[in-house]
1. Quick check: pseudo-label points 7 Å beyond the Cα along Cα→Cβ at residue 119 and residue 176, how many nm apart are they?
2. Listed highest first by mean packing, meaning other Cβ atoms within 10 Å per residue, what order do 328-334, 294-300, 52-58, 437-443 come in?
3. ³J(HN,Hα) across the range 345-361 via Karplus (A = 6.51, B = -1.76, C = 1.60, θ = phi - 60°), whole Hz, x for Gly/Pro?
4. For labels at residue 555 and residue 392 in the simple 7 Å Cα→Cβ model, what's the distance in nm?
5. Using θ = phi - 60° and the Karplus curve 6.51 cos²θ - 1.76 cosθ + 1.60, what whole-Hz ³J(HN,Hα) does each residue of the range 204-217 get, with Gly and Pro shown as x?
6. Amide H neighbours of residue 327 under 5 Å, at least 5 residues apart or on other chains, H built in the peptide plane: list them.
7. Report in % the part of the accessible area of the chain that belongs to carbon and sulfur, leaving out ligands and nucleic acids; probe 1.4 Å.
8. How long is the gain from residue 255 to residue 518 if the chain were fully straight, where each residue apart is worth 0.36 nm and the alpha carbon distance is subtracted?
Amino acid sequence: MPSLTDSPDAPSAPAGLVDAGLPSADDVVTHTLLNCLLREVSGPERQTVVDNGHLLLRLPCRGVLLRVRLRRTSLLGAHRFSGPVYEQAGDDWAAVDWRRLAEYTRDELSLRTGERNDEFLEQIASSHQAVTAALAGERTAGPADGHLAAYLVSEQSLLFGHRFHPTPKARTGDPRAWAAYAPETGSAFPLRHLAVRAHLIAEESAAPWAPAALDGQRTDVPDGYRLLPTHPWQYDTLREHPLLRAALERGDILDLGQGGRPFAATASVRTLYDGETFLKFSLNVRITNCLRKNSSYELSGAVALTRALAPALTDLAERFPGSAVLREPAYRALALPGPDGTPDRDLFEGFGVIVREGLPRHLAPGSTPLLAAAVADEYPSSAAHVSRLLTDTDPDTALDWLSTYLDLLVPPVLAAYFDHGLVLEPHLQNVLICVDADGRPVQVLFRDLEGTKLVLDHHADTLTAVPADVAGPLTYDAERGWDRVVYCLLVNNIAELLAALADLHPDAEAALWARVRDTLRSYADRSGCPPRLTALLAGVPLPAKANLLTRWGRKADREAGYVRLPSPLGEDILRDTPRSTR
């Protein structure tokens, strides 16, 4: 694979995965379910208490009292657990394995919602199976140096997934295919290429280089044909489609086989990277909540957003040179007519591929990009973890590291919303933290326009100019957009990174949150303190995405609701909490 840079200044920590101290799959699944119950069910109903180093949590409808040992408490209520979960059994406590806790969770949700979800336990079992396989799989260390190697290891190190999602590693598909194409196995492979007659290609482009990123992968495409790169797994899934088979037989499509430079799987599984360009493919595979394919409106929407956001992104880049958004300037799809003469939707969406800017276009010289989710993981599963980046054990070093990161992350996200009506989605899997040779943040990169939305009040003219089926999914009202910004920025991203630092320095948690407040206050002072930001600084409850209830209701991600968490940002909370550091 090509290197991002030949600079010798990559962090000195090894690039490979770290196995020491990782929990069992059983503990991972029970703790994740308990996180969800605490956040979305028992916590909001005040059915929890911390007592003598344990969390006690009652499932009010099911009538079960659970207990788990605490490694550390959290001001946000996102506590760290240790060991098995127990249930009260008379005057004693009995261990609860992950299957039993899953059944209790199902029963509680069924009783409280009046709804059933017959696939829920199966999805939890699938997630458990995936974590078990990831922990048991052979994970060899990557090269000891090189920015690209360190970056890809960070992308491929998420063994456990989102700790506030009930089925973070649930998946469908052939396990053998997963082994070949999953990030957890360190997979890298050549793409499958189709040569398609030019009139059967659908595409849009907002940048002259973007189509070349697709066309330049093979040199053996006959005249009159265009190259369509495909994910090998998706090709195997769709190869027996009657329209595709007929087109192959008559020569409208030529199967060129696998070839070209290898692409590596990133954390999202279907987005692949070769060191120069990201390609986001469709996969007819269900991962966590959704079938991971590029819907037709998402294909067009990526290019429409890239065009519409150009002025805003240019302004943000000039004002905040330590950040950038990776644009998605092109898509290409197979427009093979069906019986009604219009492109067959299964093939159009199934073979649709989105081109995303690669890291060399934006990466700060000499820096190493790392996936934020790997930096903030609860357990140090790779050299990207923040515990590996810090150079010493002084709490002030952790505070300064966080402050530097916040100064890079927070202002562009808030300016995007308040100044441009742009809802970025800076959750941990959508942010890259670029660090210098000492492991300090020097840049943040935002990616994946699928979650980026436009606030209607700011962009009415833009949204009117695109088809309604594209405009609808691109739009949030101001309130929902703000909830999404605050959730992704504070609850998903900053709180989890802060938690990883607080694991190293438990007495510094309040001081770490004080740094978050200082960063928000500094932005507010420079920007006239918009009312929504004033409320945030006053300590209003923070929105947290209700992943458990969304999954139980089988809702699309866009329809997810929020629960409200007590905020650790209020001055009274920070003042009244003892701190051992400044």
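The values are calculated or read from the model by the stated rules, or taken from the named source; none is laboratory data. What you are looking at is a predicted structure, and each value in this text was computed from that prediction instead of being measured. Counting neighbours? That spans all protein chains shown, and the Cβs are built from the backbone with ideal geometry, glycine included. Surface areas here come from the heavy atoms of the whole protein model, side chains and all, with no ligands, DNA or RNA. Shrake-Rupley method; radii C 1.70, N 1.55, O 1.52, S 1.80 Å.
1. Reported label-point gap for residue 119 and residue 176 is 2.5 nm.
2. Ranking the peptides 328-334, 294-300, 52-58, 437-443 by packing returns 328-334, 294-300, 437-443, 52-58.
3. 5, 4, 6, 4, 6, x, 10, x, 10, 9, 8, 10, 3, x, 5, x, 5
4. 4.9
5. Per residue, the Karplus-derived 3J(HN,Hα) values read 9, 8, 10, 8, x, 7, 5, x, 5, 5, 8, 5, x, 7 Hz.
6. 357
7. C and S atoms contribute 49 percent here.
8. Numbers: separation 263, 0.36 × 263 = 94.68 nm, distance 5.74 nm.
Fully extending the segment from residue 255 to residue 518 adds 88.9 nm.
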